[in-house]
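Just so it is clear, none of the values below were taken in a lab; they were calculated from the coordinates. Only a predicted model underlies this, so the values are computations on that prediction, with no experimental measurement involved. Reconstructed Cβ throughout: ideal geometry from the backbone, glycine too, with neighbour counts over all protein chains shown.
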Ligand SMILES: [Zn+2]
């Protein structure tokens, strides 16, 4: 075999899209989770590297993070093992998955899509709609309401914890610029920590992963929703659809971050340990438009501080 031709035998190297994914994967491989801790504000969970045995969900030989980012986190009931896996889901559609194992029970906790926008110079957006797939026997309406309620409660929790969640419950965890090989809105260490933390929290909310975190309330199914005559007025207010949309397209988010690079209020950048969110300068609720000129990058603290101020002011 002539080794000079091996490059051309491998279609992966010829495809720009895929080589960007490889670049991103190698960036993650070179990232270490600081002190094996995952953090949420001042709260942290102390873990250690490695898991007892591989968590395998399909015969994917194409796992770009194989051997990297496997951790064990002790919780009060035992130990949760987490494994990050990056592979092609379907036709050129990549995803990072977090699989978990607790008491020999294993399953997927959370996954996030890797998407690209035509307009964003090869950047990879790590964005995912928060959703649940609970099934309630024989009641599609109650099932739908239960899923929506979980989705809403979990999304609001993530929002309050400072994550970038849109009105339509899309979580934006990272924007990776393949040119500068850096995240634009966060650091790679924080991205890994956030992803693991969200996966662990999601497992708690899913309720069927065998563990519950003591810092969160237990999520119990209200038997009322299982009764067949459940009408919409018994569903919590939270699941009622919000009016309108202020969601900011991904390519516009990219442009704001590329322009601002740091928080417009306090001047800190992701290097200082903050994550950047996109904020409407004139609030959407006051008629502010979703255009580049009315958008700015703010760190999560300034963003939450600003929205609290807006609430009392108006
Ligand atoms: Zn700030």
*Under 20 Å from a label point 7 Å along Cα→Cβ of residue 179: give me every residue in the range 266-293 with its amide N that close.*
270-271, 276, 292-293
*asked:* Neighbour counts of other C-beta atoms within 10 Å: give me 190, 66 arranged from fewest to most.
replied: 66, 190
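If r is the Cβ-Cβ distance from residue 92 to residue 294 and R0 is 45 Å, what FRET efficiency results, to the nearest 0.05?
According to the calculation, E is roughly 0.85.
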*Arrange the following residues from fewest to most other Cβ atoms within 10 Å of their Cβ: 168, 115, 186.*
168, 115, 186
_Near-label residues of the range 127-156 by backbone N, under 20 Å of a point 7 Å along Cα→Cβ of residue 17_ = 127-129
*Using 0.36 nm per residue, how much length does the chain from residue 26 to residue 170 gain when fully extended, once their Cα-Cα distance is taken away?*
49.3 nm
_Global form of the range 37-163, assessed from the alpha-carbon gyration tensor, a/c cut-off 1.5_ = rounded
*Does the range 91-142 classify as rounded, prolate or oblate by the C-alpha gyration tensor (a ≥ b ≥ c root eigenvalues; a/c under 1.5 gives rounded; else a/b over b/c gives prolate, otherwise oblate)?*
oblate
*Fewest-first ranking of 36, 176, using other Cβ atoms within 10 Å as the exposure measure*: 36, 176
*Cβ-Cβ FRET estimate between residue 286 and residue 77, R0 fixed at 30 Å, reported to 0.05*: 0.05
*Name the shape class, rounded, prolate or oblate, that the alpha-carbon gyration tensor gives for the range 246-314, where a ≥ b ≥ c are the square roots of its eigenvalues, rounded holds for a/c under 1.5, and otherwise prolate holds if a/b is larger than b/c and oblate otherwise.*
oblate
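How high is the relative contact order of the range 246-314, in percent, counting Cα pairs under 8 Å that sit 6 or more residues apart?
For the range 246-314, the relative contact order is 34 percent.
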